[in-house]
Every structure is written in structure tokens, then in C-alpha cells.
Amino acid sequence: MMSFPSLLVAIYKRIERGIVPILLIAGWETFSRSGILPPALLPAPSQVVVAWADWVFGTDGNTQSYSGRWIFDSAASAFRVFSGFLLAMLLGVTIGMAIGWSRTVEALIEPVLQILRPVPPVSWIPLAIIWFGIADKPAIFLVFMGSFFPVLLSAIHGVKGCDRDLLRAGAMTGGTTVKLLCHIVFPAALPSIFSGLRIAIGSAWMLTVTAEMVAVKSGVGYVLWDSYYFLRYDIVIASMISIGLLGFLSDFVIKRIAAHVLRWQRGSTLQTKGG
Amino acid sequence: MALISIDHVSRIFGDSNRKTGIVALDDVSIDVGRGEFICLLGPSGCGKSTLLNLIAGFDEPSQGTVRVGGQVIRRPGADRGVVFQQPTLMPWLPVWENVAFYLKMQGIGKAIRREKAQRFIEMVGLQGFENHFPSELSGGMNQRVGIARALLMNPEVILMDEPFGALDEQTKMDMHGELIRIWRESQSTIVFVTHGIDESLALGTHVAVMSARPGRIRELIPIDLDRPRDPTSTAFNDYKRHILSLLRPEPVKDWA
């Protein structure tokens, strides 16, 4: 039989992580209803939930043209994130491995990349629009610009960090350069590549939303900006939370894939199970 | 004819900062016959690892030639299996994949790799750990995986660079026993680098005592002791005394 204090501790442990979020939401609700600010400027969480429910399920039509369209808006954004991210991943890993492996490739390509790298991805918006018009393409281009460099740098870093003795062991078994790259350098670089991918997916979502605000007429970012014009701050907040959730979800997927692919690291790092 | 023949080999490492060269090996000649177990013994800096790297093909001599089976060595190859100082396993591959890494490089299918690995996993006594990752095993077990990987290639020569240096005394002694058994079973030729006098006398059919700066071979001593070798026996200690006298610092005039 559990004693009363230890029961309290058990209950506390259960709810520990939820306490601050619940207090924040309750405080926000109270503040919005208190009338200190005009209700339109900071909609109460309950109002956001109502707007969001209609956006997702088409419950009462309060979001008008967005009613029931959430899944399509999210899919449109996710498609852009995925396309740009995939492109960045393929090119970033390939070019990064070439730079990390070959001094010649490094000398030829790296200076150009290092000059382009500090250019903020959003500053490509004007060129992206004149090159690709208003549709998916400029958004995908921006996502690519934002996620390419983290992947590239992490791949270079991963290849350079590859233990030379592993390569000697590979050479000893008679492996050709291509085989050594596939079977030793690439797997050795994977932990670093995955940390780059996680940074990249974050900036991918940031840039999709930015692109959708200015260069596209669909997606969660577009809904956010459009609702701002119509003074629907409840939908603005619902969009913000949606983006946060989608970003969290995509990071979670990468994390799970990494945990599976890098399962050999368990026991050799501080990472705990399921990390 | 000797299996490994090292003919007047020198290796000078350039030091671009000081515009001088460091003589790691100075005119070294030595022959190793098939089936021999030769220990390269010497203090750090005597060039014993350099010599091993030359045989492995990781490095090229500045002068002279290194031949294995009559072929001049220019690059690493599967005819020379190397067991490194650190286990140097692919940490992302389970034990059996590491053991069969050579077959993977040859593009051989998974089923055959798995089957061929098993014999060598058993030879080094790791049955039951086939699917463990290196990070889940102890240092001694990982070193056995490294040995199994080298054996699977069925190499002419096995080159070992202080493979048991990181192990405790007890594990080291066990590994010595295992290694001698494996060497007899596989009838291979082993070149074994060590700085331990006892280790070299426990293992080798020959001990090449080296001296440092510049790296030279002081003496090649054939070891005529019964196995298993008793490190407390008189004969063992006579060899040890002789080796110690060789390893004592040479008179100062030789340093110039």
C-alpha cells in the first residue's frame, strides 16, 4: 500500500511536464477574457481552438474559405518542405562527401560555397520569384537554399572525422575507393549527417512558411499571412501552432530514423534508449 | 626462399618545418620464412611500427625494397592481414559483418558471408556474440574480432601492431595462448610488433631486437623454447637477460 506522501509524489511525477504549459494557457485565457487588451488583438486559447477545429474539420464554418481545408494546406506545405529537403539532402551529402574526401574538389568548390553560405536564404526571394514565378518552385528553391548548407557542412565534417585507421583496415581488405566511400566513409559520416539533417529540417519549415507568405498562394504560411490581412488573429495563432506541430513531427521522424540507423551507437554514447 | 624479404630498407620522414629528415629506419634487412612467428621488439621510436606499415603497404620505403612472396609491396592488399593496435572495427557493423568485411569488399552475398564468418568467429571463441556491435563488447573481445577478420582473408602473412597493448595482464596471457593455437591451426606467418620482452619471448619463433634513432635491427634471435612457454624457466630468463643487455642505451658517442 502506497503512503499518502509517496502517492502525491507519484501523481506529481505524472503531471510534472504538463504543469507549466497548463498554467500558461490558463493565464493566457484569463488575460484575454479580462478585457485589458481588445479581444481581437489576442484571441483566447478557446477561441483559437474553435477556429482551428473548423479549419481542420469544417465544424461551423467560422474560418469561411479555410473551413475543413487544414489537411490540404498542411500537405501543400509539407510537399514543399519534403521536396526542397530531399534535394538538399541528396546534393548536400554528395557534394559534402566529395569535398571532405578530395582535396582537389575542396579547393575547386569550397570557396564558392563559403561565399554563398552567409547569404541569408530569405534574401533569395526576389530572384526565386523572377526565376520560378509564383508557385511551388520558388518555395522549394528557398527550402533548398536553407537546408543545403547544414547538410553540406555536416557531411564534410563527418567525412573529415572518419577514422583513418578504418580506411586502412578497408584498404587492407582490398577495397576500391568507391567501396571504401560507400562502406566506410559514408556510414562513418552518418551520425554527423543526421545532426545536419535535423538542423536542416528546422530551417526547411522556416523557409516554406516565409516563401508561402510572399511567393505562393497556398499552404499553412499563406493561411497565416492571409488571415493577418483579414484580422483573424485566432487563425494566425492556429497556423503558428500548426507549423510548430508539423515541424516537431518531421524532426521526430528524422530522430526515429536516426535512432534506428545509428542503433550501433547505443552503449558507446551518452544517448539513452529511444533517445 | 623467404616469404617476406626486407632488403636494405630505409625510411626517412621529412620534417618540412625544420628542413630536416627523421630517420625512422636505417638500412634494415631481414628475411622471414613461411610459418615463422617473428616479434619485432624495441623501445618506442625504434621504427618497428614503421617497418610493419611498410610490409602492410600503408607506407613506402625511402630506399630499398619490401617483398612478400616475391612481389614488391606498393599498396595494402588482402594477402597481408593486419591486426591493428586498436581493434579498428566498423562500429556500425555487427561482429559477423566485421569478420566478413573482406568478403563484402569482394561483393559477395550476405548468406555466404554469414556462413564463412562463422568458422572464424568460432576460431576466436566468440560464438554467441555474432550479432553484437563492437560497442557492446570488451576490448579483448573486439581485438579477437580484428584477428578473425584478418584470418578470414586467409592471408600469406598476418601483421600485428601491438594488438594486446591495451589489455590487462590476465586477458593478454589468455590471448597469447589463443594466438599460438590459431597460428598453429591456420599455419600462417605472423609478424608481431611489441615493446614487451616477455610477450615477444612467449610468442615468437624469432625475436628481432631493434634499437632507436636511427631504427636498426640489433639482433635476430631464434627462440628455442618448448611450448607452452614458462616465463619463470631458466632458459626463458637467459633469453630475457640477453635481450635486456641489447636494449640498454648505447654509449653516447653513437648518438652523434
All positions within the stretch B:105-143 that are within 12 Å of another protein chain (Cβ to nearest Cβ), under 24 Å from the mean Cα position of the chain (by Cα) and buried (at least 21 other Cβ atoms within 10 Å of the Cβ): B:MET105, B:PRO134, B:ASN142
For the stretch A:71-128, name all the residues that are among the aromatic types (Phe, Trp, Tyr), farther than 18 Å from A:VAL185 by Cβ and surrounded by 14 or more Cβ atoms within 10 Å (Cβ to Cβ). A:PHE79, A:PHE82, A:PHE85, A:TRP124
Could you tell me how many of the residues in the stretch B:194-253 are within 24 Å of B:SER10 (Cβ to Cβ) and not polar (S, T, N, Q)? 23
When you check A:SER218 against the structure, is it away from every other protein chain (no Cβ under 14 Å), assigned to a loop (DSSP other than H, G, I, E, B) and in contact (Cβ under 8 Å) with a residue 12 or more places away in the chain, yes or no? yes
Take the stretch A:162-198 and flag every residue that is open to solvent by 40 Å² or more (accessible area, probe 1.4 Å), away from chain B (no Cβ under 13 Å) and touching a Ser or Thr at 6+ places or on another chain (Cβ under 8 Å). A:SER195
Would you confirm, using the coordinates I've provided, whether A:ILE201 is at pLDDT 95 or above, under 19 Å from the mean Cα position of the chain (by Cα), closer than 30 Å to A:PHE72 by Cβ and open to solvent by 20 Å² or more (accessible area, probe 1.4 Å)? no
Can you tell me which residue is farthest from A:ILE241 (Cα to Cα) among those in the stretch A:1-20 that are of a type in the set (Ser, Thr, Tyr) and assigned to a helix (DSSP H, G or I)? A:SER6
Quick one: is B:ASP198 of a type outside the set (Ser, Thr, Tyr) and assigned to a helix (DSSP H, G or I)? yes
Any residue in the stretch B:168-187 that is closer than 24 Å to B:GLY35 by Cα, among the polar types (S, T, N, Q), surrounded by fewer than 18 Cβ atoms within 10 Å (Cβ to Cβ) and at pLDDT below 85? yes
Can you confirm whether the stretch A:41-57 contains a residue that is among the β-branched types (Val, Ile, Thr) and modelled with pLDDT under 90? no
Which members of the stretch A:21-60 meet the condition of being without any contact (Cβ under 8 Å) to a residue 12 or more places away in the chain and outside any helix (DSSP H, G or I)? A:GLY35, A:ILE36, A:LEU37, A:PRO38, A:PRO39, A:GLY58, A:THR59, A:ASP60
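The values are calculated or read from the model by the stated rules, or taken from the named source; none is laboratory data. The model shown is predicted, which means the values in this text are computed figures rather than measured ones. Positions of Cβ are generated from backbone atoms using ideal geometry, with glycine treated the same way; all protein chains shown enter the neighbour counts. Calculation scope for accessible area: heavy atoms of the full protein, side chains included, ligands and nucleic acids excluded. Shrake-Rupley method; radii C 1.70, N 1.55, O 1.52, S 1.80 Å.
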